[in-house]
1. Looking at Ile178, Ile217, Ile222, which one is aliphatic (A, V, I, L, M) and closer than 25 Å to Glu345 by Cα?
2. Quick check on Ile55: is it farther than 20 Å from Ala279 by Cα, under 25 Å from the mean Cα position of the chain (by Cα) and either in contact (Cβ under 8 Å) with a residue 40 or more places away in the chain or open to solvent by 30 Å² or more (accessible area, probe 1.4 Å) (or both)?
3. So Ile19 fits all but one of (1) open to solvent by 80 Å² or more (accessible area, probe 1.4 Å); (2) at pLDDT 95 or above; what number is the exception?
4. What is the one condition in (1) of a type in the set (A, V, I, L, M, F, W, C); (2) open to solvent by 10 Å² or more (accessible area, probe 1.4 Å); (3) modelled with pLDDT of 95 or more that Val61 does not satisfy?
5. Any residue in region 78-106 that's closer than 12 Å to Gln7 by Cα and hydrophobic (A, V, I, L, M, F, W, C): show its pairings with residues that are open to solvent by 10 Å² or more (accessible area, probe 1.4 Å) and not in a helix (DSSP H, G or I) at Cβ separation under 6 Å, as long as the two are six or more apart or on different chains.
6. Tell me, yes or no, whether region 236-248 has at least one residue that is in contact with a helix residue (DSSP H, G or I) (Cβ under 9 Å, 6 or more places away or on another chain), among the charged types (D, E, K, R), in contact (Cβ under 8 Å) with a residue 40 or more places away in the chain and on the phi < 0 side of the Ramachandran plot.
7. I'm trying to understand the selection: among the residues of region 112-132, which are more than 17 Å from Val83 (Cβ to Cβ) and surrounded by fewer than 17 Cβ atoms within 10 Å (Cβ to Cβ)?
8. What residue, among those in region 39-49 that are of a type outside the set (A, V, I, L, M) and open to solvent by less than 30 Å² (accessible area, probe 1.4 Å), is farthest from Ala279 (Cα to Cα)?
Amino acid sequence: MKIIVIQQKRIGDVLTSTILSNNLKKFYPNASIDYMCYPNCVDVLKENPNIDNVIQLSNEVRKSYPKLFKFILDIRKQKYDVVIDAYSKLETNLITLFSGAKYKISYDKGYSKIFYNHNLKRIPNSTKSDLGLAIDNRLLLLKPLIKETITDYKPKIFLTSKEIQEAQKLLSNHGIEIGKKPVIMFGILGSEWYKTYPLEKMAQLIDYAVEKLDADIFFNYIPSQLEEAQKVYDFCSEKTKKNIHFNLYAKGLRAFLGLLSQCDMLIGNEGGSVNMAKALEVPTFSLFSPSVDKETWQIFENEKGNVSIHLKDLKPEIYKKYDEKYIKEHTFRYFDEYPIALILEKLGDYFKELGYQKN
């Protein structure tokens, strides 16, 4: 059997959809399983033994009808038996339609019956989920192929021993000794402006972590984000700055994953880095943007070590009055509705849950 899983968009989406390939390989060990994604997401798939080939769909191809048509024909030549499209946009609708596969699986969107012969209805957002609807909805896509109960529902990232050793060496070069005191990565910046908790308030969380744990701190940022990272650093207290290894950052996603794997926890904005931490079994404390769908992405919070804060949990009445679009347009106004004292209290409880005593 030859299978392709399609998941475009962001790293968190691509990583989450690896539960499809992982389970397919478990139940169909002799199957050849390919995975289609954008080029910037390939690194979270590397070393995954459940993926035989990664196929990249670049922006250059997507934005050119002749190139996209040639790409579709190339996919057809692969003679897949199964296409699972977890993305389900026009480009992947067409790829699936012309694939020639016997099983064409995606989500029911009304019009989707034109492209797919297995259309699964997403679970309503009002449904309570311990795993998170991002996980539950993806597991639905396996129903046409796997009738047994699925218990392997957590995404995984696979690092080589060399990558881990290089991360440990980099930490050591910056004066961080693993096991001496807690090592915390702070996700100070979201993937979009509306997913970024106000920088001055983020600095207060960093101050608190140093005050309570005397932790070694470094930021998740890339050189192009240096200006924003510097602002966060400048907002921190002088005492905190002594514990921040400001110039420690990863050059590339695989190097970042290596560093993340050595952390005692990740604290910061909800997003791809939080999903990657969970896949590496690194505890997470995350802050949701007010307009992001918490029902979908509050995943694995039934597990010790994963905690998130969402305005809907703090002030649900706001969501009865305003829709997501309005809240997104007024993101920073609603970030102000997050009581910093309450967040610090929850962060203190989180440290205790992980076994760290408050100073």
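The values are calculated or read from the model by the stated rules, or taken from the named source; none is laboratory data. These numbers were taken from a predicted model, which means no experiment stands behind them. Cβ coordinates were reconstructed from backbone atoms using ideal geometry, including for glycine residues, and neighbour counts include every protein chain displayed. These area figures cover heavy atoms from the full protein model, side chains too; ligands, DNA and RNA do not enter into them. Shrake-Rupley method; radii C 1.70, N 1.55, O 1.52, S 1.80 Å.
1. Criteria check complete, one pass: Ile217.
2. Criteria met by Ile55.
3. For Ile19, the failing item is (1).
4. So the condition that Val61 fails would be (3).
5. Once the first residue is closer than 12 Å to Gln7 by Cα and hydrophobic (A, V, I, L, M, F, W, C) and sits in region 78-106, its partners that are open to solvent by 10 Å² or more (accessible area, probe 1.4 Å) and not in a helix (DSSP H, G or I) give Val83/Lys104.
6. Looking through region 236-248, none of the residues is in contact with a helix residue (DSSP H, G or I) (Cβ under 9 Å, 6 or more places away or on another chain), among the charged types (D, E, K, R), in contact (Cβ under 8 Å) with a residue 40 or more places away in the chain and on the phi < 0 side of the Ramachandran plot.
7. Passing the criteria: Lys121, Arg122, Ile123, Pro124, Asn125, Ser126, Thr127, Lys128, Asp130.
8. Looking at the filtered set, the residue picked out is Cys41.
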